[in-house]
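The values are calculated or read from the model by the stated rules, or taken from the named source; none is laboratory data. All values derive from a computational prediction rather than experimental measurement. We work out accessible area using only protein heavy atoms, side chains counted, and drop any ligands, DNA or RNA first. Shrake-Rupley method; radii C 1.70, N 1.55, O 1.52, S 1.80 Å.
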Amino acid sequence: MANFLNALPGAVSQGLIWGIMAIGVYITYKILDIADLTVDGSFCTGGAVFVMLFGSGVNLWVALLAAFLAGMLAGLVTGLLHTLCGIPAILAGILTQLGLYSVNLAIMDMKASQSIAVTNQKVLNDLLVSLRFLNMEKYPFIRHPILVVGVFTAAIIAVLYWFFGRELGAALRATGSNQNMARAQGINTNMTKVIGLMLSNGLVALSGALLCQYSGGNEINVGRGAIVIGLAAVIIGEVLLDKVFRNFALKLLSVSIGAVLYYIVIQAVLQMGLNPNYLKLLTAVVVALFLSIPYWKGKYFRGYKKMRTVGVNMVKIDAETGGDGHA
């Protein structure tokens, strides 16, 4: 139990970082109703761009912006493959993801991993978030990853809430809700899809850049399975908090909370002695369970409610007819 409590701050910190990625997944999966697999590649792209730029002396915020723009570029490629070439969205994402593997290697000088410390040891203390900052005895609380990433997440949610309240953001939501109706209202649905994919992958890449800082480097396979983690966060947040969080900003917050809960569960299972090699299987099981909950709850709850309604009506009829079926 003590080991789990000691590991809890790190799990929450990672959950918040991956929660930003999950918000990007939420934009495509829930708002645009598109299954975008680009994220497995664009997550690594964000980390690769950041580690090379920041490690070479570029300003941290400029490096973060570059990572965000690199992710948007990946989303643009997927969007154009889908809208201009007529390739189904899921296949377009797979193609972009496949190509990004080579692109990410090229960004990192054809190395499978790249460390910030290797590129520039002096800049480590200038990082926005870092695993080392969990040490409260050495670093002030203001630098703690939970606080820093929490503020970062709140700022992103605030910007997205503002954006989706504007005309363009409303057009994105309309496109995901009903494409035919959106087109009838004069919305260019191809353009909104591209913009949505760009915004989504920009946030995914930004999350990758933050994780790169947190871990101290980037690795070519860091984004493998990212889409599953993102879906897990979205589904967990939706299943647990959908009835409570109805406001759009709160729905985005629930995604971040879902990511935190996911990493807490993973940490708890690891402390119980699970072989880390089974983490992907555990993630798949968790996602499958939470995806099934709304279906089974709806199916059995509706059935139970219907039976209860019929039973109440029968009682009323019996009371009115004296039990003989005649008024």
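Rounded to the nearest 10 degrees, the inclination of helix 189-215 to the longest alpha-carbon principal axis of the chain is 60 degrees. Taking the range 170-309 as the region of interest, the number of lysine pairs whose Cα atoms are within less than 14 Å, with members eight or more places apart or on different chains, is 4.
Using the 1.4 Å probe convention, the accessible area of the chain works out to 51 Å² per residue with neighbouring protein chains retained. Converting the Cα gyration tensor eigenvalues of the range 42-86 into ellipsoid dimensions via √(5λ) gives semi-axes, longest first, of 26, 8, 6 Å. For the range 147-291, the fraction of 1.4 Å probe accessible surface lying on carbon and sulfur atoms is 65 percent.
Restricting the calculation to Cα atoms, the range 87-201 yields a radius of gyration followed by a Dmax of 20.4, 60 Å.
Of the residues Lys280, Lys193, Lys299, the one that moves most in a GNM of the chain with alpha-carbon contacts below 10 Å is Lys299. Here the accessible area of the range 45-121 is 73 percent carbon and sulfur, with a 1.4 angstrom probe and all protein chains present. Taking only alpha carbon atoms, the chain gives an Rg to Rh ratio of 1.09, where Rh is the Kirkwood radius. Counting only Cα atoms, the size of the range 199-304 along its three principal axes is 52, 36, 19 Å, in decreasing order. Mean-square fluctuations from a GNM of the chain, with a 10 angstrom spring cutoff on Cα atoms, peak among Ala112, Ala174, Ala209 at Ala112.
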